[in-house]
Amino acid sequence: MTDLIAQCFLDGVLLTLCGLGLLGRQRGKRDLLLPLVYTALCLVIRMCFCRNLAPAVFVLLPADHLLAVLYLLVPALPLNSSWYRTRERTVFWGTLAQFALFLLLREACLLPLAALGLSDGPVVLYGVRLLSPLLWAAFAGWGLLRWLREQLAEEDTAVQAVSAATLAALLLLWQFQVQQNQPWLAGAILLSLVILLDGGLLLWEQRRIREQQHTRLLEQYLPMVEELVESVRARQHAYRNQMMAVSAAVSTADSLEAARSAVSALAGEAVLDETDRQLLRCDSKLISGMLYGKIRQAGLRHIRVEASLNGGFLRRSLPESSWVEILGVLLDNALEASQPDDVVYLRTEDQDGALRLTVSNPCPPKSNAELAEMFRRGYSTKADHGRGYGLYNVRQIVERAGGKLVVRNEEIGGASCLTIGVILS
């Protein structure tokens, strides 16, 4: 009986970890109680609904036939629904993904042991159960669970389909292994095919999503690039006319002092705007168009954006769409915190093979605790519901790309400023 309780407890712990990894830890919940609830559920299933009492049968799942799996899966749905504060659809697909991940971890730990001839006895009974949480921790450390959790929360259809297909395939593999006793080679081949197929589908879906985002951004911002080019052409035309006027003023002036006065009056109107010059230097038309639109919005509020673009965005680890999202969040936050006649500074520069991007706006100095809190999910100085996700999303993008965040107080042009940025290779 002690062995049975210990095995069910380890099963309950892994089920809890899979649920927390895919549906998210909830504040205010006593997460330590959840493994005990799942332990009790596994114990009831094994004692009341399973026909086979051989411990080796329950290494992969706390059940010995598909109907017992349903008895385990069906109570898990309302349990997760009451425990995790999220949409019912997310709970449904998240629960399927939870059991698929549980089976995948167990199968991945069982096959190497079986290949070494350790397919029976306490080594496999407890070895698989102890190795599975370690593999879960590795998946969490790689960011895979966080990415799956985000996709499930966004109701990504590809991840939902892959979760259901993976669970179905692994259940068939489990049933085959239970019936045939030791088909380890066939199990390894099928598991490898399942992983390769799932990985291929997810990569294809991510590529399709990136292409759609890029197309949507092109449609949104390329017209602004054309407007910028037309604006520069108009200024070049005006520049040529003004140079002709300067030449005429010099040739018709009665004295050197009169010529100087005429040239000074005309030359002030013949300067190409430095911000436009910087935007034309940018290696991404998409980002140039977005920045041009943001700068125009700032101008309507009488806020000046001073840009210095000394580093390229292309051929980096991030796609253009991610750079647009980061720039959009940083500039929107800076402009929202600024007042008329303020200056917002946008800087990019190459730094040891990486791009350092910072946005600075006038702001009283903040404490270190306030600076650290800014990237927390849901943090906002405004009381509006649904705010506080911009900088959190920036942090997620930067962490996935292996970059660094920049946040500090500094003085620029004699004014105290808040500088927020990223460093990405």
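Annotations
- Residue in region 22-32 that is under 35 Å from the mean Cα position of the chain (by Cα) and either part of a helix (DSSP H, G or I) or outside the structural domain of Leu172 (by TED's automatic domain parsing) (or both) present: yes
- Unique match (being assigned to a loop (DSSP other than H, G, I, E, B) and in contact (Cβ under 8 Å) with a residue 24 or more places away in the chain) among Arg89, Arg85: Arg85
- Neighbours by Cβ (under 6 Å, 6+ apart or cross-chain): first from region 37-65, touching a residue at least 12 places away in the same chain (Cβ under 8 Å); second among the acidic types (Asp, Glu) and in a helix (DSSP H, G or I): Cys42/Asp11; Pro62/Asp11
- Of all the listed residues (Ala76, Ala63, Ala68, Ala54), the sole one being among the small types (Gly, Ala, Ser) and out of contact with any Leu (no Cβ under 9 Å at 6 or more places or on another chain) is Ala54.
- Put simply, of Cys42, Cys50 the only residue that is crowded, with 22+ Cβ neighbours inside 10 Å and out of contact with any Lys or Arg (no Cβ under 6 Å at 6 or more places or on another chain) is Cys42.
- The set of residues in region 377-424 that are modelled with pLDDT of 80 or more, assigned to a loop (DSSP other than H, G, I, E, B) and more than 19 Å from Asp350 (Cα to Cα) comprises Gly413, Gly414.
- Selection count where residues are among the hydrophobic types (A, V, I, L, M, F, W, C), surrounded by fewer than 17 Cβ atoms within 10 Å (Cβ to Cβ) and either outside the structural domain of Gly19 (by TED's automatic domain parsing) or in a helix (DSSP H, G or I) (or both), scope region 117-146: 8
- Conditions (1) out of contact with any Pro (no Cβ under 7 Å at 6 or more places or on another chain); (2) touching a residue at least 60 places away in the same chain (Cβ under 8 Å); (3) under 15 Å from Tyr71 (Cβ atoms): number failed by Asp11: (1)
- Candidates Leu309, Leu330, Leu314: the one that is under 26 Å from the mean Cα position of the chain (by Cα), hydrophobic (A, V, I, L, M, F, W, C), exposed (fewer than 15 other Cβ atoms within 10 Å of the Cβ) and modelled with pLDDT of 80 or more is Leu314.
The values are calculated or read from the model by the stated rules, or taken from the named source; none is laboratory data. The shown structure was predicted, so the numbers you read here are calculated from the model rather than taken from an experiment. Neighbour counts run over all protein chains shown; Cβ positions are idealised from the backbone, glycine included.
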